[in-house]
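The values are calculated or read from the model by the stated rules, or taken from the named source; none is laboratory data. None of these values were measured; they are calculated from a predicted model. Cβ coordinates were reconstructed from backbone atoms using ideal geometry, including for glycine residues, and neighbour counts include every protein chain displayed.
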Amino acid sequence: MRPPVVVIGAGPAGLTAALQLVKNGESPIVLEADDDVGGISRTVERNGWRFDIGGHRFFTKVTPVEDLWRELLSDDDLMVRPRMSRIFYDGKFYDYPLRASNALGNLGVVESTKCVASYAWARIRRPQDTESFEGWVSSRFGRRLYRTFFKTYTEKVWGVPATELRADWAAQRIKNLSLGRAIVNSLAPRRGQTEVVSLIEEFLYPRLGPGMMWTTCRDAVIEGGGSVVMNAPVTSIEHHGGHATAVVTADGTRYDCSAVISSMPIGHLLGAMTPRPEPYVLAAADGLRHRDFLTVALVVPEDVAFPDNWIYIHSPDVRLGRVQNFGTWSPWMVKPGWTCLGLEYFVNIGDDLWSMSDEQLIEFATAELATIGIVTRDLIGEGHVVRVPRAYPVYDESYADNLVVLRGWLERCAINVQPVGRNGMHRYNNQDHSMLTAMLAVENIVDATDHDLWSVNVDDEYHEQSSAASSTGAPWPATASSSTSLNRSSGRDAPVFSSR
């Protein structure tokens, strides 16, 4: 009997792959290092409060992805929610998407004129450096608007100067938005806006948070004959003759495999290969960096909280990056008369915030929330902390070269291993992009197709727009080279001003 397909990771990509395998008569084994499913799309429950690891919109124009969401959850459980978000900068709130009257009123006529002039100059004389995040965004919005709305927040998120971030990330996330387009959208009617995903006005959301989707998916995998093993971190992937042959977990359990679909960080994947790859390959694996994340959830009275789903905190006076109001995501996440605010911090493992005790972090976050004036200290009740390692793959100066090395090794030495998802591919995929890579990986295994998973979410055509291919109703293009023409954004909103 042929060994099963082993799926590493029980996040959106891993569970999607497992469910698709089950539907094709396979009995996959899913190995999850944590004690819960969903990855960073899980829902945390503490003392009756539910909150996301950030906020996860469910919005896509990839038909098979939305079909799967609706297959897993009923219309009652997959709610349509209104979207509202703003930017907090210099003590003022700015509508996002930008509205001309609001922006003008906050910036003032003089500063607004300077921003438009800076944008016009950037269009006439583009910055010489468009390879860095700073140069790329300045060329699209002008240097003055970049400094006002992009620089501080982006450097909070990534913890490095924006000049050290590659333009690839900005191009992937905000490819179709510029100041000119933002102005057009600010003057146009807002309802029904779906062309640029950052501007959508409604999204789907599970009644009990995104984890509801993935616990339901897990159950469907098990009911279909697959298995999901929790607390099973992978320590070794044995390979021979150009193929992976077995996966071993920390407790020594060995799982023979016919193929591997992996959403574990690709650097860790290569580091677990046995026999070990060459030193230069391991160096490339070690060279991939991640940004870590923590959420401090604070309970406050419903009537003192803001009406937004989330607010970006661009103020340099605090280290806080974003604030979510989970009561506006779903009233089922909170208790009557109260809501839960999720204060998000972008950190590195071992730094001062990561190393604080939960009590210290709750006090720190409480003080920051009061500093910016959103909620006064005396109205804040209980608090909870969740730390998330490796939340964001970093697009630094060496990441692309490192990925070339790792992909080349897999193609030579473990051809039946397919990386999928955000960390699996070290790519800032949204939830639907991660799911799409998993769906295509399963087709490669079951139907012997040759989909190029690495083409997902990198096409020159903006993947969050409609395309001729998508209007045909085909689930996805027949050729891998055009697979991104159906790619649309969903899932976790990107931590940058204009990607929401």
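Computed quantities for the displayed model
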{"read-out": "Arg276 vs. criteria without any contact (Cβ under 8 Å) to a residue 60 or more places away in the chain and basic (Lys, Arg)", "value": "yes"}
{"read-out": "All positions within region 378-409 that are assigned to a loop (DSSP other than H, G, I, E, B) and either crowded, with 20+ Cβ neighbours inside 10 Å or touching a helix residue (DSSP H, G or I) at 6+ places or on another chain (Cβ under 7 Å) (or both)", "value": "Ile380, Val394, Tyr395, Asp396, Glu397"}
{"read-out": "For Gly54: the one exception among (1) surrounded by fewer than 20 Cβ atoms within 10 Å (Cβ to Cβ); (2) within 20 Å of His384 (Cα to Cα); (3) not acidic (Asp, Glu)", "value": "(1)"}
{"read-out": "Tally of residues being under 21 Å from Ile311 (Cβ atoms), in a helix (DSSP H, G or I) and among the basic types (Lys, Arg) across region 94-150", "value": "1"}
{"read-out": "Residue list for region 235-253, restricted to those being among the hydrophobic types (A, V, I, L, M, F, W, C) and out of contact with any Ser or Thr (no Cβ under 6 Å at 6 or more places or on another chain)", "value": "Ile237, Ala244, Ala246, Val247"}
{"read-out": "Residue match in region 39-60 (condition: of a type in the set (Val, Ile, Thr), assigned to a loop (DSSP other than H, G, I, E, B) and at pLDDT below 95)", "value": "yes"}
{"read-out": "Leading residue by the ranking (surrounded by the most Cβ atoms within 10 Å (Cβ to Cβ)) among those in region 305-332 that are assigned to a helix (DSSP H, G or I) and touching a Ser or Thr at 6+ places or on another chain (Cβ under 8 Å)", "value": "Phe326"}
{"read-out": "Pairs where the first residue, in region 10-21, is of a type outside the set (Lys, Arg) and the second is in a loop (DSSP other than H, G, I, E, B) and surrounded by fewer than 24 Cβ atoms within 10 Å (Cβ to Cβ), C-beta under 6 Å, 6+ apart", "value": "Ala18/Gly226"}
{"read-out": "Selection status of Val375, touching a helix residue (DSSP H, G or I) at 6+ places or on another chain (Cβ under 7 Å) and part of a loop (DSSP other than H, G, I, E, B)", "value": "yes"}
{"read-out": "Some residue of region 272-287 being crowded, with 18+ Cβ neighbours inside 10 Å, touching a strand residue (DSSP E or B) at 6+ places or on another chain (Cβ under 6 Å) and closer than 24 Å to Asn348 by Cβ", "value": "yes"}
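Okay, residues lined up against (1) in a helix (DSSP H, G or I); (2) of a type outside the set (Asp, Glu); (3) touching a Gly at 6+ places or on another chain (Cβ under 6 Å):
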{"site": "Met212", "(1), (2), (3)": "yes, yes, no"}
{"site": "Cys217", "(1), (2), (3)": "yes, yes, no"}
{"site": "Val228", "(1), (2), (3)": "no, yes, no"}
{"site": "Ala232", "(1), (2), (3)": "no, yes, no"}
{"site": "Ile237", "(1), (2), (3)": "no, yes, no"}
{"site": "His268", "(1), (2), (3)": "yes, yes, no"}
{"site": "Ala285", "(1), (2), (3)": "yes, yes, yes"}
